[in-house]
Structures are given as structure tokens and as C-alpha cells.
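Inspection log for the structure reproduced underneath, given as C-alpha cells.
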Amino acid sequence: TFKKPILRGENLKPRAPIVTVMGHVDHGKTTLLDTIRNTNITAREAGGITQHIGASRVHHEGKDIVFLDTPGHAAFTSMRARGAQCTDIAILVVAADDGVMPQTMEAISHAKAAGVPIIVAVNKMDKPAANPDRVKQQLSDHGLIPEDWGGDTIMVHVSAKSGENIDQLLEMILLVAEMEELKADPTVSPEGVVIEAELDKGKGAVATVLVQQGTLKKGDIILMESSWGKIRAMINASGKQLKSAGPSTAVEILGLSDVPQPGERFIKVDAEKEARDSISAKDQKRREVANQMSPRMTLEELYSKMQDGATPTVNLLIKCDVQG
Ligand code: GDP
């Protein structure tokens, strides 16, 4: 049930991989992302004031990699709730001194369910207690067999703290990206997914979206499930205003009617009226469904109403007659 957009267009061009870092708490996800960002963002960008937009683009050997900033599983779970899928490669961080832990296994099943290739970063190799062989054994027991043991899972020994082998990890990401033949047509009508969104006091409803295909332009009218807008401004991770954003670009957009949910998809529409009508039709439907709700409905009836409507938030007061 994981939806990647159906590739459109004749003009398919390679695009940067979208990478999510996962793993058990305290195994070094945040440190790894920080180290990668600090050493691989171009000087030009690093000079600017870095604005948090939920994704960062790093450069390695002339190629780009986009890291989703939400470490851990939030990126997967919020997207998953809506059946969206925007990760191309998962980096599974496992601390070499701690080994496989519950959230490591959870991360493996998330990535497997989404059909996303996993690269293992065996982290904290600088620690005296590091035991990478034990990690490899544990991962093998969970179906991830390292290449040097005859399997096909790439495992890189790193230290997020000292920066050891981070270059090699980035190289492996680019290698897997190449094998996956990630492509998109920048000339088709733009489409993508909301990574995060909030109501900003000054700017109003803002959302960070990932453009998955086509090129999003300032002034475009976009439609999501719960919001629409004519893009007033697009801002990248370094706070720079952009006029256009092609495939595998994450940008913050301004000019939305409401705050969308992470995982909502966006498309470009031709006219404001089309977007406005679609949203008000959904609102109307939601109201109708709400009016049909009755305190005496059975759960089956409620469920079927929810299937008719646009995911209303329902507070349930369940009264049970317990017999026997
Ligand atoms: P997260 O919860 O997975 O995001 O983990 P953090 O990045 O917050 O790291 C948890 C702790 O481990 C912090 O105190 C880090 O400084 C430390 N840490 C992370 N990576 C390394 C590493 O490669 N070596 C050592 N020695 N410590 C690390």
C-alpha cells in the first residue's frame, strides 16, 4: 500500500536519492546527520543562515543526496498513515557497542514493508567496546546478511563522532542510488508530498514539500488533500528564495489556505477555482458525514461513514454493557 508516484514523462533524468536515517534511540542518528551536513554542504550554503526545513541536500563527489531530517521512524510512520512513500534508501544506524535493539528491529520491518533498500551504518566504532562482528551476527539473524559474509546488505563501519568512514557511507548511498536507477521527468506537471507543515505566526500556513517529479514554480497553484494555495514564495534549506524546484528538491512553500498533514500529496492545478472547489467539496462532504453521525451508531456504521468522508477526527465515547 505504499504509493510512489507513477513516473510520467519521456524526459526521464537521474535524480538525487531521498535518504532516511533510522535506528534505535541513542545509536547516533542525529550525530550522523549533523556530521554529514557539516562536512558536505557547499561553502556557499554553509555561509547562509541555515533554516530548518526538514530536509537537507548534501554534495558528494559531484552528486547530490537528500536527507530527510526527521530521524527515526516518524518520517515513515506519518507518511505510512497516508500510504505515502518518499524514501529511496534507509540508513540503519546500529551502535557497535550496543548491538541490535528493539527499535533497530522496528526500523528493519518499516523499511522492508516499504520495499526500501537498507544500508547499515555500524556506528560508534571509535568506542573500545565496539563489537561489529556481534552486530553483523545479530543483523544476519534478522535477515540482513553482510556482503562480506556472502549476503547483499552493505554495512559500513563508521564513527559519527570522529567522522571516520562517513565518506565511504556516502559513496555507498550513491552506489545504491545508481543501482536503483532513480529518475524523474523535470518537464511534467509537478507533484510531490508534504514532509512537514505548521502555522507560522508571521508567514501563515507553511509546508515543506518534496518535489518528486516535474518542476514546481513560484506562482503555481497547488492542491493537497486539506489545503490549496498559490505559491507566494519557495525557500530552500539555506533560506534562499527559489523561483523553481525540480525533482528531489525539498522546499518550504508559503501561500497555503490551511496547514496540511505530513504525507499529503500535492499536484499542480490550472486554476484557483479548481483548487478552491475541490477543497470546499471535501469540506461539504465532511459536514454531511458529520451531520449523519449519531450517538447511537454502531462501530460498523461509523466506520462506513468514515470511509465515505475525508478522514474526520472523531472523539469516541464508548459505552459498554458488560454481561457475564
Ligand atoms: P540518536 O538518538 O540516535 O539521534 O543518537 P544521538 O546522535 O543523539 O547520539 C547519542 C549519543 O551517542 C550522544 O551522546 C552522541 O554524542 C553519542 N554518539 C553518537 N555517535 C557516536 C560515535 O560515533 N562515537 C561515540 N563515541 N559516540 C557517539
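Whole angstrom only: what separates the Cα centroid of the range 81-142 from the Cα centroid of the range 183-258?
Cα centres, the range 81-142 to the range 183-258: 31 Å.
At 0.36 nm per residue, minus the direct Cα-Cα distance, what do residue 39 and residue 140 gain on full extension? Give it in nm, one decimal, please.
Gain in length upon complete extension: 33.2 nm.
Relative to the Cα centre, what is the charge dipole magnitude of the range 192-255, using +1 at the beta carbon of each Lys and Arg, -1 at the beta carbon of each Asp and Glu, and rounding to the nearest 20 debye?
Charge dipole of the range 192-255: 360 debye, to the nearest 20.
Multiply the residue separation of residue 189 and residue 301 by 0.36 nm, subtract the distance between their alpha-carbon atoms, and state the gained length in nm to one decimal.
On the way: separation 112, 0.36 × 112 = 40.32 nm, distance 3.91 nm.
Extra length from residue 189 to residue 301 when fully extended: 36.4 nm.
What aspartates and glutamates could a cross-link reach from residue 273, if we take a straight Cα to Cα line under 18 Å and drop same-chain neighbours fewer than 8 places away?
Result set, ordered by chain and number: 220, 225, 258, 283.
With r as the distance between the Cβ atoms of residue 148 and residue 179 and R0 = 25 Å, compute the FRET efficiency 1/(1 + (r/R0)^6) and round to 0.05.
Working from the Cβ atoms, E equals 0.85.
Determine, from the Cβ-Cβ distance of residue 294 and residue 198 and an R0 of 22 Å, the FRET efficiency 1/(1 + (r/R0)^6), rounded to the nearest 0.05.
Efficiency for this residue pair is about 0.05.
Taking the simple approach of a point 7 Å from Cα along Cα-to-Cβ for both residue 282 and residue 259, what is their distance in nm?
Result: 1.6 nm between the two label points.
Filter the cross-link list 13/230; 217/240; 203/282; 183/243; 13/112; 127/161 down to pairs whose alpha-carbon distance in this structure exceeds 18 Å.
As for pairs spanning more than 18 Å Cα to Cα, those are 13/230; 203/282; 183/243; 13/112.
Which FRET efficiency, nearest 0.05, do residue 25 and residue 233 yield, Cβ-Cβ r, R0 30 Å?
Numbers: r = 36 Å, r/R0 = 1.20.
Between residue 25 and residue 233 the formula returns 0.25.
Bear in mind these aren't lab numbers, they're just calculated from the coordinates by the rules spelled out. Bear in mind the structure is a predicted one, so any value in this text is a computation, not a measurement. Note that each Cβ is placed from the backbone with ideal geometry, even for glycine, and that neighbours are counted across all protein chains shown.
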